[in-house]
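Here the structure is laid out as C-alpha cells; the discussion comes afterwards.
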C-alpha cells in the first residue's frame with residue numbers, strides 16, 4: 001500500500017475513534033516517532049565511519065576551519 005493510501009486509511013480510522021481512544025492513538029504515534037528517531041540515532045552512533053566524520057567536523061569547527069564546509073545557501077539550492 002502506498003504512503004498516501006495508508007495515511008488516508010489512518011485518518012479515516014482516527015476520525016471514527018472516541019476522544020479517549022484518539023488520545024491513546026496520539027500517544028502511540030508519538031512513541032513510534034520517538035522510536036524511529038532513536039533507531040536512526042543509534043544507526044549513526046554505531047557507524048565508525050560516520051562518527052569519525054562527525055568528530056573531524058567538530059574539530060574543524062573548533063579550530064575555525066570554516067572553509068572546509070559547504071555554505072548552507074549552496075546546499076539549500078541543490079536540494
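The values are calculated or read from the model by the stated rules, or taken from the named source; none is laboratory data. Please read all numbers here as calculations on a predicted model, not as lab measurements. Here the Cβ is made from the backbone with ideal geometry for all residues, glycine too, and neighbour counts use every protein chain on show.
When you scan segment 1-9, do you find a residue that is without any contact (Cβ under 8 Å) to a residue 24 or more places away in the chain, surrounded by 11 or more Cβ atoms within 10 Å (Cβ to Cβ) and over 20 Å from the mean Cα position of the chain (by Cα), even just one?
yes
Just to be sure before I move on: is residue 20 at pLDDT below 95, on the phi < 0 side of the Ramachandran plot and either touching a helix residue (DSSP H, G or I) at 6+ places or on another chain (Cβ under 9 Å) or surrounded by fewer than 10 Cβ atoms within 10 Å (Cβ to Cβ) (or both) in the structure I sent?
no
Please specify each residue of segment 62-79 satisfying the condition of being in contact with a helix residue (DSSP H, G or I) (Cβ under 9 Å, 6 or more places away or on another chain) and surrounded by 10 or more Cβ atoms within 10 Å (Cβ to Cβ).
65, 68, 69
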